[in-house]
Amino acid sequence: MFAAAAAALLVALALALTRACFGPSVFDRALAANTVGTLAVLLLAVIGFLTNRPEFLDLAIVYGLLNIVGTIAVLKYFQYGSLGDSGGGGERKAL
Amino acid sequence: MSALIDLASWACLVAGGIFCVIGTIGMLRMPDFYTRMHAASVTDTLGAGLVLLGLVLQAGITLVTVKLLIIGMLILFTSPAATHALARAALTRGIRPLLAEERRPPSKP
């Protein structure tokens, strides 16, 4: 039954990757990347149970933490045009 | 009792997988960006919650359960934050929501 859940998660991953490939705007791709990250965390947890190796749960935790940091960083870049405050007082670059 | 817990855990796992697929199908077929974001939240809440609940029922009370709960809380706290940042970034960059009046042709009297 873990195999069925893993197969469903793989199908969902394929659909999210399709949206990431065909997304018309960059935000669609960021959304698809976030969903892929969540599904990868779930898939890692299920694989840990499927192969009876609980070390995969630690990998899932680390992947979840990296996922949120990456998503926020990418969104900040695409919102403001830069990643840090370069002394400009929070000005927005008009890309 | 053990068979009952197994049954509940399998039901949770299968339902979670189905909800994940439903969320991504919605993300693929919805017409504009904000509705796609709405569809993706199904994956983050119901899908992740049910899959992790099924795994918790399989694990029993061990360290594995604690790690699964940590993963669940991580997803539950970070997914709304990421969605909020995504919507704010999209609005800042000028992506307008698709409204109902624009889609429906004014043919009806």
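Could you please tell me which pairs satisfy a Cβ distance under 8 Å, a separation of 6+ or placement on different chains, a first residue in the stretch A:12-33 that is surrounded by fewer than 19 Cβ atoms within 10 Å (Cβ to Cβ), and a second residue that is outside any helix (DSSP H, G or I)?
Every condition considered, the pairs that remain are A:SER25/B:ILE95; A:ARG29/A:GLY23.
Only helices (runs of 4 or more DSSP H) wholly contained in the stretch B:1-74 count here; list those with 2 or more residues that are touching a strand residue (DSSP E or B) at 6+ places or on another chain (Cβ under 8 Å) and β-branched (Val, Ile, Thr).
Values: elements: B:2-29, B:33-42, B:48-59.
Once the helices (runs of 4 or more DSSP H) in the stretch B:1-74 are filtered for at least 2 residues that are touching a strand residue (DSSP E or B) at 6+ places or on another chain (Cβ under 8 Å) and β-branched (Val, Ile, Thr), nothing remains.
Could you check the stretch A:46-57 and list, in sequence order, the residues that are surrounded by 13 or more Cβ atoms within 10 Å (Cβ to Cβ) and either in contact with a Ser or Thr (Cβ under 7 Å, 6 or more places away or on another chain) or without any contact (Cβ under 8 Å) to a residue 40 or more places away in the chain (or both)? Write out each step before concluding.
Here is the first cut: in the stretch A:46-57, the residues surrounded by 13 or more Cβ atoms within 10 Å (Cβ to Cβ) are A:46-50, A:54, A:56-57.
A:GLY48, A:PRO54, A:PHE56, A:LEU57 - these are the residues of the stretch A:46-57 that are surrounded by 13 or more Cβ atoms within 10 Å (Cβ to Cβ) and either in contact with a Ser or Thr (Cβ under 7 Å, 6 or more places away or on another chain) or without any contact (Cβ under 8 Å) to a residue 40 or more places away in the chain (or both).
From the list A:THR71, A:THR38, pick out the single residue that is modelled with pLDDT under 90, farther than 22 Å from B:ILE61 by Cα, at the interface with another protein chain (Cβ under 8 Å from one of its Cβ atoms) and surrounded by 17 or more Cβ atoms within 10 Å (Cβ to Cβ).
Going through A:THR71, A:THR38 in turn, just one is modelled with pLDDT under 90, farther than 22 Å from B:ILE61 by Cα, at the interface with another protein chain (Cβ under 8 Å from one of its Cβ atoms) and surrounded by 17 or more Cβ atoms within 10 Å (Cβ to Cβ): A:THR71.
Take the residues in the stretch B:2-17 that are surrounded by fewer than 18 Cβ atoms within 10 Å (Cβ to Cβ) and aliphatic (A, V, I, L, M); name whichever of them is nearest to A:ALA20 (Cα to Cα).
Of all residues in the stretch B:2-17, those surrounded by fewer than 18 Cβ atoms within 10 Å (Cβ to Cβ) come to B:2-8, B:10-11, B:14.
Then keep just the ones that are aliphatic (A, V, I, L, M); that gives B:3-5, B:7-8, B:11, B:14.
Values: B:ALA3: 41, B:LEU4: 40, B:ILE5: 38, B:LEU7: 35, B:ALA8: 34, B:ALA11: 30, B:VAL14: 25 Å.
If we take residues in the stretch B:2-17 being surrounded by fewer than 18 Cβ atoms within 10 Å (Cβ to Cβ) and aliphatic (A, V, I, L, M), then B:VAL14 is nearest to A:ALA20 (Cα to Cα).
Enumerate the helices (runs of 4 or more DSSP H) found wholly within the stretch A:1-83, keeping only those where 3 or more residues are of a type in the set (S, T, N, Q).
Of the helices (runs of 4 or more DSSP H) lying wholly inside the stretch A:1-83, those with at least 3 residues that are of a type in the set (S, T, N, Q) span A:26-50, A:56-80.
The values are calculated or read from the model by the stated rules, or taken from the named source; none is laboratory data. Bear in mind the structure is a predicted one, so any value in this text is a computation, not a measurement. For neighbour counting, all protein chains shown are included, and Cβ atoms are generated from backbone atoms with ideal geometry for every residue, glycine included.
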